[in-house]
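Bear in mind these aren't lab numbers, they're just calculated from the coordinates by the rules spelled out. Given the structure is predicted, the values throughout are model-derived calculations rather than measurements. As a convention, Cβ positions derive from the backbone with ideal geometry for all residues, glycine included, and neighbour counts pool all protein chains shown.
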Amino acid sequence: MARNRALRITRLLHKGLNLAITRIPSTTHEPLLWEYAESRESTDIVSLDDSYGLYIDGEFRKPKSRNSFTTVNPANEDVLAKVSEAGPADVDDAVSAARAAYENVWGPMSGAERAKYIFRIARMIQERSRELAVLETLDGGKPIKESRDIDLPLVAGHFFYYAGWADKLDYAFPGIKPKPLGVAGQVIPWNFPMLMLAWKVAPALAAGNTVVLKPAETTPLTALLFAELTQEAGLPPGVLNVVTGAGKTGAAVVSHDDVDKVAFTGSTAVGKLIQSQLAGTSKKLTLELGGKGAHVIFEDAPLDQAVEGVINGIFFNQGHVCCAGSRLFVEESIHDRFVDKLKRRLDTLRVGDPMDKNTDIGAINSKEQLDKINELVDAGQSEGAEIFQPDCELPQKGFYFRPTLFTGVSQSHRIAQEEIFGPVLSILSFRTPDEAVEKANNTPYGLSAGIWTTKGSRILWMADRLKAGVVWANTFNKFDPTSPFGGYKESGFGREGGRHGLLAYMDWDEG
Amino acid sequence: MTLAPARTSILPDRITTPTLRTFIRGVTSVDEVGAAERVAALSKRSIKRESKRAALDLIIRMMDLTTLEGKDTPGKVIQLSAKAVRPDPTDPTIPSVAAVCVYPAMVPYVVQATEGTGIHVASVATYFPSGQVDTKLKVQETRDVVAAGADEVDMVIDRGAFLSGEYFKVFDEVRRTKEAAGDAHLKVILETGELETLDNVRRASMLAMAAGADFIKTSTGKVSPAAKLDVTLVMLEAIRDFHDATGVKVGMKPAGGVRTSKDAMKYLLVLNETLGEGWMTPDWFRFGASSLLNDVLMQIRWLETGRYASPDYFTKD
Amino acid sequence: MSRLDVRKTYKLYIGGKFPRSESGRSYPALDKDGEVLARVAQGSRKDLRDAVRIARGAQSSWAGRTGYNRGQILYRIAETLEDRSGTFVEQLMATGSTKKQATDEVAAAIDRMVWYAGWPDKFAQIYGNLNPVAGPFFNISSPEATGVVGVIAPEQPGLLGLVSRLAPVLVPGNTVVLLASESNPMPAITFTEVLDTSDVPGGVVNVLTGFKDELIPFLADHMDVNAIDAGGASSEQAQRVQEGAVHNVKRVLLPGQGVAEQSPYRIAAFTETKTVWHPKGV
């Protein structure tokens, strides 16, 4: 009875609404149109000048050198702006300004006051975070989702973290009474222009030093915008100076007699050059150099997360990461299965316009870097390793490289030894934990390493033995202002980040 | 009953509690933080405007429009069925949903109300939501709902048995329910909110699929949390690995807690990135939902008119 | 008739053994009056090479011992030093110290060794820490040994200078190739006998006597030496150390580079901070 009543109601309903009771069966539907939008982040937020001066003593100046160079967008090779090239006289001016600011203003200032400046800068970075992110991507080619969601939040975080140290330095290291070193000359690379700036400038200022910063020649723009921001923040003139230029400018900064402290992040080759330039001086030096990170996957690893970790480990920022997990060691028992998973995942990576929010792999930073990657990948193939690249289209203009895996790699291959600094992963296998450690440590570098296993005791056993300044277990490429970063062996010395990062910018009295 | 050979290919030769325990312990572990990071990253993708409309249609076509309340009446389910057939009376381009999902007693009304529409009739069974009765009763209830006209059966696993390591009991109930369901599609609810860990989710997924599940489903909707994105990711990855190992394709149904188009879109993003196009149809993916439908309709209206919509213009059934 | 005394042959200390220099050379160690005290081995680059190889071989097991154990061994050195204090006083007096100066120096050296002996099981507690990262991760930084460290001992004071440079390097688990005071090598040689009877595993400390100008370039350039304490180098020698350090990015502690002789920050100079991350999840 109830059933009949139900039927009647249904019919009435349908009749009343005058609807044909039809349903298109799902199986007859065309395959779903499912495309990710070319969802370009607007670049309107950034206003670029045609040319930029040097930031010395609180103002933008034309260079005495009268030289300039252009910076291009590696995503399409468009020229973005003309940038001044600082010559020795300009560097000299910058160092003098920094010295004067150190002697007269920043050095004598109380830690609490310094802290407030740095806090203010941190806040201003947050306010203009999108603008800085867009500019970072324009100038450097990294995907906007990374500059927006990773780089800039970390940049603000670093300033916020070190701001709080400025008036607490007495508590940082037991038994010593800290004092600043003086003028810090800092040379930073193009892979994380703003983040490396933050890693260097924030602790230097917090510890009471003044700064002459030399950004990389292919990515000078965010440092200049940052300089402008510190000007707006009212940071006293000379506390931060930005001198743009290439290697020569960098050399002039680090070898300047009145620089007390040198901090460099970049290639091991240039790091060695700086170390030799400083021989015979007692300048304090920290170096954060190259790497060839080992990523070790055990059979019992959480495999799907390990795949993500490996992908993130090598393709984050196009592989332009000193701590990239560029050597993958997979336990033989799961090697083929794991490589299959990796290949399938590679097929879903989107390579292209870095300003597109859906882009996973953006532009290679420069033509030079692209050439270097090509050379090493060619070497990998001629040495007999097997290459895998997904079949994705690359933009016509700009510098791009497909995400690349090499299987059948031996320790003796160049691609297992040399830092490629690009989206290229070399896959090797191992059988026992001892073998994994031996192979992982078999490199002149020692910056990062990864371990994937669910066995806790094995993680700790491995972590003890891996010669690397950062060991990520069941994760990879994580950074935090509180967490020290830096390498063993030829990956450099000194730590940046965390409490340890302060020590590189402090002198002290003991007792 | 015997399972298809493909399914048994990953199982031990003799299926007993100890051998299943070994099987379950061999299931790859899951790192919770890594899974959360992955879904967070995927959630940030955006799709084309044209794709968006197709995706919203797809969400409707994937929907198991559901009412599972003690106060359900024939009137309620009949009205819901009408909505299922024609979600937006003013817009004939809106497709029907995939199925109407109800308690066993309501099945006949749905059958009548959707007759000839091709909409599937889904019934919960096995003493949903707790499943805390004798297996015999569960099997009988399954037979009854199929006899009443349900062509899809949403069963619950015995979470107590699962958590206490009685894997054979869980396995056996799924297997016997599948047998009782006959040609009806069997969706196996893991009730992931009670399993708590992603390791358990993955293990239960494997167990259910090996035992014959056509679909695996997150939740009853009676336990909080219900469907979650990271849980869904882990289940989809289990489906992928099961497919790799056996060649058998299994469907997925997140249920409960998916209330907005934006949320549903994230599930589709995760689905597309994890399993790809082959699973992007109502045959292989369903949403168990009730309030989601109107939100999707409102989104479609916004896409078409450029004006944000008001709930007053959409029927509540 | 007086008894003829038995003179000691002063040799190198490598791998827990006392070899002569492979070069077969020796040079005279002079007393304060310019008289020959003894002939000591003149270590060669090949001796240095052997010492580095042996130090490398001993490093992981030395670092792998517990801090408690390393602390006990350092303390044992202090005990044995005390036992041999008479010999050290005599040797220091022979090269110009007054009795009081010599006694004070020996006492200070012993006390300094005791001071450092307390550090191996504590240093990580003051120099390492948990980092409160902004995410669901356990994150810990701790210092560990840099590896093989070259120590250039100061010319003076003969014993205290040596102990002050050596002890902090040993604390975190480094192994050492030490270039002894060239002008005053006797205390270093006697010190190797102390090491040999103090449970210090062979190869952990290797001592070369000889000419610094000859040996420093090979130490500085050696690709398997991770760090050098150049505290006992002249400014020219120190620059040579810096130049050689470039080849494998050695860490160099320069003379007068601001770290007190008795300081945990001297230990820190020969450590690498390792930071380990792990997610927190169920």
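For the range B:109-152, the extents of the C-alpha atoms along the principal axes are 36, 18, 14 Å, listed from largest to smallest.
Going by alpha carbons, how many degrees (0 to 90, nearest 10) lie between the helix axis of A:335-346 and the longest principal axis of chain A? That helix lies at roughly 90 degrees to the long axis. When chain C is treated as a GNM, springs tying every alpha-carbon pair under 10 Å, which of C:Gly244, C:Gly147, C:Gly64 comes out with the largest mean-square fluctuation? In this elastic network of chain C, the residue with the biggest mean-square fluctuation among C:Gly244, C:Gly147, C:Gly64 is C:Gly64. Extending 7 Å from the Cα toward the beta-carbon at both B:Asp283 and A:Glu77 defines two label points whose distance is 4.7 nm. Residues A:Met124, B:Met106 in ascending order of nearby Cβ atoms (within 10 Å, fewest first): A:Met124, B:Met106.
Dipole orientation for the range C:86-192: of the candidates C:Met93, C:Pro136, C:Ala167, C:Pro136 has the Cα lying most toward the positive pole (charges on Cβ; Lys, Arg +1; Asp, Glu -1). When you restrict to C-alpha pairs under 8 Å that are six or more residues apart and normalise by the size of the range A:294-480, the relative contact order lands at 30 percent. Taking the DSSP beta bridges with both ends in chain B, the antiparallel portion is around 0 percent.
Is there a simple number for the mean count of other chain Cβ atoms within 10 Å of the Cβ of residues in B:32-45, and what is it? Can you show the working numbers first?
Values: counts 7, 13, 14, 6, 4, 9, 7, 0, 1, 5, 0, 0, 5, 8.
Shielding by partners across B:32-45 averages 6.
Pairwise Cα distances in the range C:36-279 exceed 28 Å in 30 percent of cases. What FRET efficiency comes out for the pair C:Ala260/A:Gln231, r = Cβ-Cβ distance, R0 = 45 Å, nearest 0.05? Between C:Ala260 and A:Gln231 the formula returns 0.65. Most tightly packed first, judged by the mean number of other beta-carbon atoms within 10 Å of their residues, the peptides C:122-132, C:231-241 read C:231-241, C:122-132.
Taken along the Cα-to-beta-carbon direction at a fixed 7 Å, the label points for A:Lys168 and C:Arg49 span 5.3 nm.
What number, rounded to the nearest 500 deg cm²/dmol, is the helix-based mean residue ellipticity at 222 nm of the protein assembly as shown, given -39500 (n - 2.57) per DSSP H run of at least four residues and division by all its residues? Intermediate results must be reported in sequence, preceding the final value.
Working: 40 runs with 458 residues, N = 1110.
Result for the protein assembly as shown, helices only: -12500 deg cm²/dmol.
Straight-line cross-link partners of B:Lys76 among the lysines, defined as a Cα under 26 Å from its Cα and at least 8 positions apart when in the same chain: A:Lys15, B:Lys138, B:Lys187, B:Lys217, B:Lys222, B:Lys253, B:Lys316.
For the Cα atoms of chain A, what angle does the longest principal axis make with the long axis of helix A:129-140, in degrees from 0 to 90, nearest 10? It works out to around 90 degrees. Rounded to the nearest 20, the Cβ-based charge dipole of the range B:34-103 about its Cα centre (Lys and Arg +1, Asp and Glu -1) stands at 320 debye.
Determine the percent antiparallel among the DSSP beta bridges restricted to the range A:51-289, to the nearest 5. Kindly include the intermediate steps, with their values, before the conclusion.
Numbers: 11 of 30 bridges.
Antiparallel bridges make up about 35 percent of those DSSP assigns within the range A:51-289.
Residues whose amide H comes within less than 5 Å of that of C:Gly43, counting only those at least five positions distant or on another chain, are C:Thr209, C:Gly210, C:Phe211 (H built at 1.01 Å from N in the peptide plane). Along the axis of the charge dipole computed for chain A (Cβ charges of +1 for Lys and Arg, -1 for Asp and Glu, origin at the Cα centre), the listed residues A:Tyr36, A:Gln369, A:Ser96 are led at the positive end by A:Tyr36.
How far is helix A:152-165 tilted off the main Cα axis of chain A, in degrees rounded to 10, range 0 to 90? Approximately 40 degrees, to the nearest 10. Taking max minus min of the alpha-carbon positions on each principal axis, chain A gives extents of 96, 60, 48 Å, largest first. A simple spin-label model places the labels of B:Thr19 and A:Phe60 7.6 nm from each other, with each point 7 Å out along Cα-to-Cβ.
No solvent, one uniform scatterer per C-alpha: report log10 I(q)/I(0) for the protein assembly as shown via the Debye equation at q = 0.06, 0.08, 0.10 1/Å, two decimals. Here log10 of I(q) over I(0) equals -0.58, -0.91, -1.20.
Could you tell me the calculated FRET efficiency between A:Asp391 and C:Phe138, based on Cβ-Cβ distance and R0 = 60 angstrom, to the nearest 0.05? Efficiency, from the Cβ-Cβ distance: 0.90.
With contacts defined as alpha carbon pairs under 8 Å and 6 or more residues apart, what's the relative contact order of the range A:51-289 in percent?
Values: 501 pairs, mean separation 61.7, N = 239.
The value is 26 percent.
Considering only Cα-Cα distances, which of the following residue pairs are longer than 23 Å: A:Lys145/A:Lys439; C:Lys212/C:Lys250; A:Lys142/A:Lys284; A:Lys142/B:Lys262; A:Lys272/A:Lys467? Table pairs above 23 Å Cα-Cα are A:Lys145/A:Lys439; A:Lys142/A:Lys284; A:Lys142/B:Lys262.
Mind giving me the FRET efficiency for A:Ser410 and C:Glu22? R0 is 35 Å, r the Cβ-Cβ distance, nearest 0.05 is fine. Calculated transfer efficiency: 0.45.
Excluding same-chain neighbours fewer than eight residues apart, the lysines reachable from A:Lys168 by a Cα-Cα span under 20 Å are A:Lys116, A:Lys177, A:Lys179, A:Lys200. Taking the DSSP beta bridges with both ends in the range C:36-279, the antiparallel portion is around 40 percent.
What percent does the relative contact order of the range B:5-306 come to when contacts are Cα pairs within less than 8 Å and at least six residues apart?
Numbers: 541 pairs, mean separation 61.2, N = 302.
It comes to 20 percent, rounded to a whole number.
Setting aside same-chain residues fewer than 8 positions from A:Lys62, which lysines have a Cα under 23 Å from its Cα? Cα-Cα hits under 23 Å: A:Lys82, A:Lys214, A:Lys248. Extension gain, B:Asp134-B:Arg49: 0.36 nm per intervening residue step, less the Cα-Cα distance, totals 25.5 nm. Across B:Arg203, B:Arg45, B:Arg176, mean-square fluctuation computed from a Gaussian network of chain B (C-alpha pairs under 10 Å connected) peaks at B:Arg45.
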